[in-house]
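Note sheet for the following structure.
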Amino acid sequence: MATRGGFSSRLGFIAAAAGSAVGLGNIWGFPFEVGQGGGAAFVVIYLLFCFLLCFPVMATEIAIGRKTERNPVGAFTALGYKNWSWVGKMGIVAGILILSFYNVIAGWAFGYIVEMASGNFGIAEQFGEYTKNVIKVGGYGLIFMLSTTLVVKRGISGGIEKAAKLLMPTLIIMILGMVIYSLTLPNAMDGLKFYLVPDFSKLNGSVIYNAMGQAFFSLSLGMGALITYGSYVNRKENIVSAAALITLADVGIAFIAGMMIFPLIGFMSGGTMEGAAGGPGLIFVTLPQIFGTIGGSLGAIVGTSFFVLLCFAALTSTVSLLEVPVTYAVDELKIRRGRAVWLMAGIIFLVGIPSLLGFGYSEFFSTAFKTFKPGGFDTDFLSFIASIANDTILPLGGCMIAFFAAHVWKKHNLNEELAQGAPGYMGSFVQKYLNFSVSYLAPVILGVLFILTVLSKFFNINIIS
Ligand code: PFF
């Protein structure tokens with residue numbers, strides 16, 4: 001471990017891994033999924049998935065990483081199962097694809113800091129024009145990618161850990177400040193009611209299915225990001241409690257992001273909650289309108305703070321996404337770290353260009369993107385890549401990692417690694433539940449989810465709708 005470097009403390013690791021988990025998925029994705037999924041009923045299902053299924057998979061990924069001190073591809077080989085390294089390779093591809101489009105959205109958010117600070121609330125109505133201006137938003141994306149590169153270049157403890165220790169507490173303070181402010185607005189309580197009082201009649205197959213996908217993406221699972229971070233964790237650390245804390249932090253921040261956003265929508269809609277189901281445009285269209293309604297310099301301050309905190313959250317996630325292919329390039333391709341960072345960042349930026357062009361600039365990448373799906377995909381390139389990476393590769397990767405750990409590498413080896421640094425683990429309730437989840441729950445549920453997604457997204461066969 002000495003030559004690879006590593007996290008300098010338990011807190012540093014937890015901050016970095018929580019930083020990876022907390023991102024656009026929490027502050028942009030979670031509220032819009034809640035809005036579309038009918039509010040609190042979605043939240044309940046989401047929480048169940050996080051704790052029953054995601055937490056055990058997270059502990060497993062970290063254990064595989066720490067045991068092998070390798071990237072996701074090398075990890076399978078180091079355990080003696082080279083024929084499973086395709087799972088790791090798929091994870092590296094997912095990391096590259098996810099970062100390629102994630103950076104585009106982070107770039108938009110970065111640009112919104114400038115718009116809000118200059119009081120340009122009208123950007124809400126011009127969002128289409130904004131994303132079409134590819135030189136401008138591409139420039140913001142480039143700045144964001146450079147920031148990610150500079151953090152990753154400084155290494156695990158000097159870059160990623162330091163950035164997370166600084167950004168995560170700042171993020172939490174800013175979000176709490178925003179929550180307090182939103183709760184003081186008129187009709188805030190209507191927003192809270194929508195968010196917190198479940199209406200289970202709104203539950204259907206696709207809500208459950210989206211909740212699962214959202215939980216997995218939000219916790220950075222299924223592509224080996226936590227195998228990678230785990231490979232830099234000290235043998236004395238308690239992985240099980242760290243995974244529990246990371247899950248709690250991620251779920252907690254998503255939950256608090258809802259406490260900030262739904263009261264704002266309550267205020268804006270005069271209590272009708274119209275606009276809550278605004279989908280992906282919620283953050284970039286609805287929120288700036290709300291900041292505009294607040295108006296003046298207060299509106300500008302609130303708006304700027306919101307997008308600064310969104311960018312902080314995104315940055316601690318983009319560094320983890322970049323670290324996955326970088327660790328792979330260093331371990332497997334024997335490329336020097338400094339070089340690997342620039343190389344991967346450059347490749348990923350280029351891969352992201354079609355996603356950037358797919359919001360009005362290029363007709364082809366915006367709407368006419370057809371695949372072999374009957375009837376065509378008819379979606380923008382970014383959503384197409386997200387369907388492949390988030391909705392397809394992550395559940396498949398998670399299913400395979402859990403199955404591998406429990407049935408190929410074997411439970412007793414997994415338990416032995418998890419028990420290192422966790423004295424009370426063996427024989428505990430947590431051990432039994434973690435083992436059950438990794439052996440049966442996770443492989444079965446994720447496997448089914450993978451099959452349903454492929455049928456629905458690529459073949460237009462919707463078994464549950
Ligand atoms: N968890 C991040 C978010 O919620 O925004 C996204 C992400 C980061 C997914 C890292 C996967 C990953 F490896």
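Is it the case that the stretch 64-82 has a residue that's within 14 Å of the ligand (Cβ to nearest atom) and more than 18 Å from Ser157 (Cα to Cα)? Spell out how you get there, then give the answer.
Initially, the stretch 64-82 is screened for residues within 14 Å of the ligand (Cβ to nearest atom), giving 65, 71-72.
Filter once more, so that each one left must be more than 18 Å from Ser157 (Cα to Cα): 72.
Looking through the stretch 64-82, at least one residue is within 14 Å of the ligand (Cβ to nearest atom) and more than 18 Å from Ser157 (Cα to Cα).
From the list Ala244, Ala257, Ala215, Ala211, which residue is in contact with a helix residue (DSSP H, G or I) (Cβ under 8 Å, 6 or more places away or on another chain), under 26 Å from Ser428 (Cα atoms) and modelled with pLDDT under 95? Working first, answer last.
Working: Ala244 fails: modelled with pLDDT under 95; Ala257 fails: under 26 Å from Ser428 (Cα atoms); Ala211 fails: under 26 Å from Ser428 (Cα atoms).
So the residue among Ala244, Ala257, Ala215, Ala211 that is in contact with a helix residue (DSSP H, G or I) (Cβ under 8 Å, 6 or more places away or on another chain), under 26 Å from Ser428 (Cα atoms) and modelled with pLDDT under 95 is Ala215.
Taking Phe7, is it outside any helix (DSSP H, G or I), open to solvent by 10 Å² or more (accessible area, probe 1.4 Å) and away from the ligand (no atom under 16 Å from the Cβ)?
Values: outside any helix (DSSP H, G or I): yes; open to solvent by 10 Å² or more (accessible area, probe 1.4 Å): yes; away from the ligand (no atom under 16 Å from the Cβ): yes.
The answer is yes for Phe7.
Within the stretch 317-333, how many residues are assigned to a helix (DSSP H, G or I) and more than 14 Å from Gly95 (Cα to Cα)? I'd like the intermediate steps shown before the answer.
First pass over the stretch 317-333, keeping only residues assigned to a helix (DSSP H, G or I): 317-331.
Now narrow it down to the ones that are more than 14 Å from Gly95 (Cα to Cα): 330-331.
Counting residues in the stretch 317-333 that are assigned to a helix (DSSP H, G or I) and more than 14 Å from Gly95 (Cα to Cα) gives 2.
How do the pairs read when you match residues in the stretch 411-432 that are under 17 Å from Ala75 (Cβ atoms) with residues anywhere that are modelled with pLDDT under 95, using Cβ under 8 Å and keeping only pairs 6 or more apart or on different chains?
Filtered contacts from the stretch 411-432: Gln420/Arg235; Gln420/Lys236.
Looking only at residues that are among the charged types (D, E, K, R) and over 28 Å from the mean Cα position of the chain (by Cα) in the stretch 409-431, which one is surrounded by the fewest Cβ atoms within 10 Å (Cβ to Cβ)? Even if it seems obvious, please write down each step before you answer.
Initially, the stretch 409-431 is screened for residues among the charged types (D, E, K, R), giving 410-411, 416-417.
Now narrow it down to the ones that are over 28 Å from the mean Cα position of the chain (by Cα): 410, 416.
On the way: Lys410: 12, Glu416: 14.
The qualifying residue surrounded by the fewest Cβ atoms within 10 Å (Cβ to Cβ) is Lys410.
Could you say whether any residue in the stretch 122-142 is exposed (fewer than 14 other Cβ atoms within 10 Å of the Cβ), assigned to a helix (DSSP H, G or I) and small (Gly, Ala, Ser)?
Yes, some residue in the stretch 122-142 is exposed (fewer than 14 other Cβ atoms within 10 Å of the Cβ), assigned to a helix (DSSP H, G or I) and small (Gly, Ala, Ser).
Name the helices (runs of 4 or more DSSP H) wholly within the stretch 166-260 that hold at least 1 residues that are touching a Leu at 6+ places or on another chain (Cβ under 8 Å) and away from the ligand (no atom under 14 Å from the Cβ)? Quick ask: steps written out before the conclusion?
Numbers: elements: 188-196, 205-218, 225-230.
Fully inside the stretch 166-260 and qualifying: 188-196, 205-218.
Going through Arg70, Arg66 one at a time, which residue ends up being assigned to a loop (DSSP other than H, G, I, E, B), in contact with a helix residue (DSSP H, G or I) (Cβ under 7 Å, 6 or more places away or on another chain) and either surrounded by fewer than 22 Cβ atoms within 10 Å (Cβ to Cβ) or at pLDDT 95 or above (or both)? Spell out the reasoning first.
Numbers: Arg66 fails: assigned to a loop (DSSP other than H, G, I, E, B).
Answer to the selection: Arg70.
Please go through the stretch 21-34 and pick out each residue that is open to solvent by less than 10 Å² (accessible area, probe 1.4 Å) and part of a helix (DSSP H, G or I). Write out each step before concluding.
Here is the first cut: in the stretch 21-34, the ones open to solvent by less than 10 Å² (accessible area, probe 1.4 Å) are 21-27, 29-31, 34.
Across the stretch 21-34, the qualifying residues are Ala21, Leu24, Gly25, Asn26, Ile27, Gly29, Phe30, Pro31, Val34.
The values are calculated or read from the model by the stated rules, or taken from the named source; none is laboratory data. Remember, it's a predicted structure, so these values are computed and weren't measured experimentally. Positions of Cβ are generated from backbone atoms using ideal geometry, with glycine treated the same way; all protein chains shown enter the neighbour counts. Each accessible area value is taken on the protein alone, full model and side chains, heavy atoms only, with ligands, DNA and RNA left out. Shrake-Rupley method; radii C 1.70, N 1.55, O 1.52, S 1.80 Å.
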